[in-house]
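Nothing in this text is a laboratory measurement; each read-out follows from the coordinates by a stated rule. Bear in mind that the values here come from a model prediction, so they are computed numbers and not experimental data. Cβ atoms come from the backbone with ideal geometry, glycine included; neighbour counts cover every protein chain shown.
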Amino acid sequence: MPQALYTETESFDFDMAAIYGQSWLMAGMECELPKAGSYISMMVGKWPVVITRDKEGTIRAFHNSCRHRGSMVCQPGHGTAPKLVCPYHRWTYDLDGSLFAAGRMEDDFDKSAHGLKPIAIACFGGAIFICLADNPPPIDDFREKFSAYAAPANFENLKLAHVDKLVEHANWKLVMENARECYHCATGHPELAKTFPVGMSKHFDAHEDARAEAFCAAMDANGFPHEPVEGHWWQVARFALNEGCTSMSEDGKPLIKKPLITANGGDIGSLRWAIDPHLFAHATSDYVFMFSCMPVSATETHVFSKWYVHKDAVEGVDYDIDALISLWAVTNSQDKELAENNHKGVNSPGYTPGPYSADAEMLARRFTDWYCDVSRVYIDTHGK
Ligand code: FES
Ligand code: FE
């Protein structure tokens, strides 16, 4: 895409309003809110958001901005609290967002008009999706497909094992274009390439074709949906890992003794789902990995990674945390270097966008096409 779309503050401001402010985003898994009072406080770009589980068990999302003078009510991270108390003047909110107490306010102060502002939320397949738009895009197709594809893994049975934040000095669209193609993987990710089919494309040979066919037959026999399906802003598919590999790990062997799925000896490939603008995730038979890209400025992006395992798996007994995170930590740091290097080169007065490979960068192309579509619609409806 043109240089200014990667480098200009004006473009970043547009992206926040037109893209991150209008799209469904995956916030995490329901297991991250195990009981009433659990909350997740997170940033969507520069915007603070809090997600709570209320006393009835309902998961809700709010702008994390106090209705008094706007302080962030909860600091980023996970927590549990019977009520949400703003650290500034102690206005206190119930878990359903309503204002419970505001000391020293006048008698005629209307508490009912000062609850936290809600954000659209949808929970299905064990996952949590939020959208900051007043009129979120349709989600029913994705809800149906994701729920069906995720069902065998029973994501309700997960627990969050680890979270990581990586600061990348690159525009978020470069981070995402990189995350959407594996043209760079064979050389850029030698560790990932051991288990992930980095050459997955129309250039499969006969042996690989036969293996893919056998994988599809095994998934059909187990009742696991696997055909690639997609909508305007999402994709879901289950695909075979490299021969002999049952997990995305450094040697292809499972990382967790207590698996999520035992069908087909754990040889169930990876369930991959991707959401534009910010996410890809992989679920193998033993763990789930989620990658979420959040822009901070035109030149800085935060990548949040989460690893989930079976809720009964015990750290130090059933898995080792360093071994669990190793492959994606290495892969993410390689991608950080690639994206930062890409950004430096895009800054050059000699930068002119070149063509994508139709075979190897199909999904990067799909991402930029989606970005242009959504931008056009926003400009048409908002006149800017
Ligand atoms: Fe929250 Fe004053 S800003 S109580
Ligand atoms: Fe990569």
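Cβ under 14 Å from P353's Cβ, P353 left aside: what net charge do those residues give with Lys, Arg +1 and Asp, Glu -1? Before the final figure, lay out the partial values.
Details: positive: K173, R365; negative: E177, E361, D369.
Every neighbour counted, the sum reads -1.
Add -39500 (n - 2.57) for each DSSP H run of 4 or more in the chain, then divide by its residues: what number comes out at 222 nm, to the nearest 500 deg cm²/dmol? Could the numbers behind the result be given before it?
Working: 8 runs with 97 residues, N = 384.
My calculation for the chain gives -8000 deg cm²/dmol from helical runs alone.
Can you classify segment 1-114 as rounded, prolate or oblate using the Cα gyration tensor, where a ≥ b ≥ c are the square roots of its eigenvalues, rounded means a/c under 1.5, and otherwise it's prolate if a/b beats b/c and oblate if not? Kindly include the intermediate steps, with their values, before the conclusion.
Values: a/c = 2.76, a/b = 1.57, b/c = 1.76.
Taking the square roots of the gyration eigenvalues as a ≥ b ≥ c, segment 1-114 is oblate.
Report the Cys residues of the chain lacking a disulfide-compatible partner, meaning no second Cys Cβ under 4.7 Å from their Cβ.
By the Cβ distance rule, which asks for a partner under 4.7 Å, the isolated cysteines are C31, C74, C123, C131, C216, C245, C293, C372.
Under a straight-distance cross-link criterion of Cα-Cα below 30 Å, which lysines are reachable from K257, leaving out those fewer than 8 residues away in the same chain?
K35, K145, K159, K165, K194, K306, K311
If R₀ is 22 angstrom, what is the calculated FRET efficiency for the pair H169 and A4, using the beta carbon separation as r and rounding to 0.05? Walk me through the numbers on the way to the answer.
On the way: r = 18 Å, r/R0 = 0.82.
E between H169 and A4, to the nearest 0.05, is 0.75.
In a shell of Cβ-Cβ distance under 13 Å around S285, excluding S285 itself, what net charge do Lys and Arg (+1) and Asp and Glu (-1) give? Walk me through the numbers on the way to the answer.
On the way: positive: R238, K253, K257, K258; negative: D267, D286.
Charge balance near S285 sits at +2.
Which far-off residues, 5 or more places away or on another chain, put their amide H under 5 Å from the one on A101, with H placed in the peptide plane?
Excluding prolines and chain starts, which carry no amide H, the hits are T92.
Based on the alpha-carbon gyration tensor of segment 50-182 and its eigenvalue square roots a ≥ b ≥ c, which shape applies: rounded if a/c is under 1.5, prolate if not and a/b is larger than b/c, or oblate?
Prolate.
Starting from the amide H of V44, placed 1.01 Å from N in the peptide plane, find each other amide H under 5 Å away whose residue is 5 or more places distant or on another chain.
V49
List every residue whose amide H lies under 5 Å from the amide H of F124, counting only residues 5 or more places away in sequence or on a different chain, with H placed 1.01 Å from N in the peptide plane.
Distant-sequence amide H within range of F124: F129.
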